[in-house]
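Enquirer: Got a structure here, written out as structure tokens. Questions coming.
What follows draws every value from the coordinates through simple rules; no lab data is involved. Quantities reported herein were computed from a predicted structural model and do not represent experimental measurements. Cβ coordinates were reconstructed from backbone atoms using ideal geometry, including for glycine residues, and neighbour counts include every protein chain displayed.
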Amino acid sequence: MAKEIDALARKTPGKKSLAMEAFSRALLAIPTTIADNAGLDSAELISQLRAEHQNEGCTAGIDVISGS
């Protein structure tokens, strides 16, 4: 969802685009916080998650049980 909002924000003029970018960052903070709270390497997991979400129709997420 954050990826799509970022893409739309780049096409939106004015202050509205700044609000959209902030919302996108807030969405990315959710899996980061979950990974951190689970004691996982959030930077690595978020990097992997972003790479997976470049594929169309991807539904990848973070599994705190397996650490992936």
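Enquirer: For the chain, build the convex hull from the C-alpha positions and give me its volume per residue in Å³.
Expert: Roughly 76 Å³ of hull volume per residue.
Enquirer: Just name one of Ala2, Met20, Leu49: the one whose Cα is farthest towards the positive end of the charge dipole of segment 2-52 (beta-carbon charges, Lys/Arg +1, Asp/Glu -1).
Expert: Met20
Enquirer: A follow-up question, please. Which ³J(HN,Hα) values, rounded to whole Hz and listed in residue order, are derived for segment 39-54 from phi using the Karplus coefficients 6.51, -1.76 and 1.60 in 6.51 cos²θ - 1.76 cosθ + 1.60 with θ = phi - 60°, glycine and proline given as x?
Expert: Computed from phi, the couplings for segment 39-54 are x, 9, 7, 5, 4, 5, 5, 5, 4, 5, 5, 5, 5, 5, 6, 6 Hz.
Enquirer: With +1 assigned to the C-beta of every Lys and Arg and -1 to the C-beta of every Asp and Glu, and no other charges, what is the dipole magnitude of the chain about the Cα centre in debye, to the nearest 20?
Expert: Roughly 520 debye, rounded to the nearest 20.
Enquirer: Given a Förster radius of 25 Å and the C-beta distance between Ala60 and Ala22 as r, what FRET efficiency does 1/(1 + (r/R0)^6) yield to the nearest 0.05?
Expert: Efficiency for this residue pair is about 0.55.
Enquirer: Using a cut-off of 11 Å between beta-carbons, work out the net charge of the residues near Ser17 (Lys and Arg +1, Asp and Glu -1, Ser17 not included).
Expert: +2
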